[in-house]
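The values are calculated or read from the model by the stated rules, or taken from the named source; none is laboratory data. Quantities reported herein were computed from a predicted structural model and do not represent experimental measurements. Note that each Cβ is placed from the backbone with ideal geometry, even for glycine, and that neighbours are counted across all protein chains shown.
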Amino acid sequence: MSRLAEQPVSEPTAEELRDVKDFELSIPEEEMSQITREMLLKLRRCVSAFASAQRLRYEEQLRARTAQIEVAATKELHRKAEEIRLIYQSKYEAKELALRRHYQRLLRLANKITRQKAELQRARRDLEQKLGATDSLYREVHDIRRMLAQRIGNLEGLDSDDENQSAS
């Protein structure tokens with residue numbers, strides 16, 4: 001601000017008003033028009049320069065604010081993307097862990113089934129061997145019975161011959 005604007009404005013005194021009334025301008029009308037036109041032109045240039053300066057300043061402020069908003073939006077976007085990535089990563093890790101556990105359980109089950117199958121095959125072979133041995137034993141017992149039956153039959157035949165001979 002200028003010094004004139006800072007000083008309080010006082011009312012003109014009566015004497016000062018008289019002095020102004022007595023003062024006559026002896027400037028011709030044409031010159032006065034020229035001065036007025038020049039003043040208006042200077043005033044328009046000044047206002048135009050001020051408006052241009054204000055517009056440039058506002059445009060610069062707008063560009064700066066736009067850049068700030070873009071930076072803030074980019075940061076927020078990166079933050080949100082990172083947050084989403086972390087959420088999905090933790091969900092993926094949890095699912096992967098559950099899948100690994102399930103796979104390990106299935107692997108243990110498959111190994112158990114393989115062992116049980118091998119045990120069943122061994123038991124079947126053992127059973128077949130025992131059945132074969134039992135069958136052989138049964139045949140031998142059957143052969144022995146048949147042979148004993150024949151011998152007993154022969155002995156009975158001898159006894160009846162002996163009895164027939166003793167009776168005669």
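Annotations
- Test: Ala94 is at pLDDT 95 or above and among the small types (Gly, Ala, Ser): no
Residues are listed down the side, and each one gets a yes or a no for (1) under 26 Å from the mean Cα position of the chain (by Cα); (2) surrounded by 10 or more Cβ atoms within 10 Å (Cβ to Cβ); (3) not aliphatic (A, V, I, L, M):
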residue: Ala73; (1), (2), (3): yes, yes, no
residue: Glu82; (1), (2), (3): yes, yes, yes
residue: Lys91; (1), (2), (3): yes, yes, yes
residue: Ala98; (1), (2), (3): yes, yes, no
residue: Arg101; (1), (2), (3): yes, yes, yes
residue: Leu109; (1), (2), (3): no, yes, no
residue: Ile113; (1), (2), (3): no, yes, no
residue: Gln116; (1), (2), (3): no, yes, yes
residue: Glu119; (1), (2), (3): no, yes, yes
